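Read through the structure below, which is laid out as structure tokens, and then see the notes.
The values are calculated or read from the model by the stated rules, or taken from the named source; none is laboratory data. Note that the coordinates shown come from a computational prediction; the quantities given were computed from them, not determined experimentally. Here the Cβ positions follow ideal geometry from the backbone for every residue, glycine too, while neighbour counts run over all protein chains shown. These area figures cover heavy atoms from the full protein model, side chains too; ligands, DNA and RNA do not enter into them. Shrake-Rupley method; radii C 1.70, N 1.55, O 1.52, S 1.80 Å.
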Amino acid sequence: MRKFRVEADLLLAVIGSEVPTKTVLHDPKKVAAINHIGGALVDEFSRDPTLERLFELGARFAEGTGLADKRVLEVIRASRMFGRATMAMLGNSVVATGNREQLATLYLKFGTLQRCGVDNDGAQVL
């Protein structure tokens with residue numbers, strides 16, 4: 001495991017209905033695509049582990065595996081005008097960083113919106 005610090009505000013847009021994880025994991029073709037494409041992209045990310053790269057490779061993963069539907073891909077592409085976005089795995093939602101006002105305006109056209117941050121410390125016992 002490697003860590004890299006991220007200072008970013010994130011937006012999460014839910015733009016469709018829930019995708020049950022078990023329906024994806026019980027589909028041998030989807031699992032094969034996830035393993036094949038995901039393995040290559042993890043290797044690529046490990047060579048340049050940055051937030052920008054995470055969003056770029058995440059979008060490639062979502063499209064390449066077929067996990068993202070047309071609407072999710074449309075929102076990811078439209079987000080590029082104002083920042084970076086990728087699909088939040090697994091589901092019909094998008095996570096993004098960039099111009100928060102512009103992204104929020106865009107995302108509210110498609111669904112609900114949450115603002116969140118990045119926890120650089122990880123899980124802790126309180």
What is the residue count in the stretch 108-126 for residues that are part of a loop (DSSP other than H, G, I, E, B) and either in contact (Cβ under 8 Å) with a residue 40 or more places away in the chain or surrounded by fewer than 10 Cβ atoms within 10 Å (Cβ to Cβ) (or both)?
-> 11
Looking only at the stretch 65-77, which residues are of a type outside the set (A, V, I, L, M) and surrounded by fewer than 17 Cβ atoms within 10 Å (Cβ to Cβ)?
-> GLY66, ASP69, LYS70, ARG71, GLU74, ARG77
Residue list for the stretch 10-29, filter: closer than 29 Å to ASP119 by Cα and surrounded by 12 or more Cβ atoms within 10 Å (Cβ to Cβ) = LEU10, LEU11, LEU12, ALA13, VAL14, ILE15, GLY16, VAL19, VAL24, LEU25
Within the stretch 16-60, the count of residues that are under 19 Å from ALA96 (Cα atoms) and of a type in the set (Lys, Arg) comes to 2
List the number of the failed condition for LEU11; all other conditions in (1) closer than 29 Å to ASP121 by Cα; (2) touching a Phe, Trp or Tyr at 6+ places or on another chain (Cβ under 8 Å); (3) part of a loop (DSSP other than H, G, I, E, B) hold.
-> (3)
Can you spot a residue in the stretch 1-9 that is of a type in the set (Phe, Trp, Tyr), surrounded by fewer than 15 Cβ atoms within 10 Å (Cβ to Cβ) and under 21 Å from VAL95 (Cα atoms)?
-> yes
Based on what the data block shows, is GLY83 open to solvent by 20 Å² or more (accessible area, probe 1.4 Å) and either over 29 Å from THR23 (Cα atoms) or among the acidic types (Asp, Glu) (or both)?
-> yes
By residue number, the members of the stretch 30-50 that are within 23 Å of ARG80 (Cα to Cα), open to solvent by less than 30 Å² (accessible area, probe 1.4 Å) and among the aliphatic types (A, V, I, L, M) are LEU41
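Go through the stretch 73-101 and report how many residues are among the small types (Gly, Ala, Ser) and part of a strand (DSSP E or B).
5
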Among ALA62, ALA104, which is the only one that is assigned to a helix (DSSP H, G or I) and either modelled with pLDDT of 95 or more or in contact with a helix residue (DSSP H, G or I) (Cβ under 8 Å, 6 or more places away or on another chain) (or both)?
-> ALA62
Is one or more of the residues making up the stretch 73-91 touching a residue at least 40 places away in the same chain (Cβ under 8 Å), touching a strand residue (DSSP E or B) at 6+ places or on another chain (Cβ under 7 Å) and either of a type in the set (Lys, Arg) or under 17 Å from LEU106 (Cβ atoms) (or both)?
-> yes
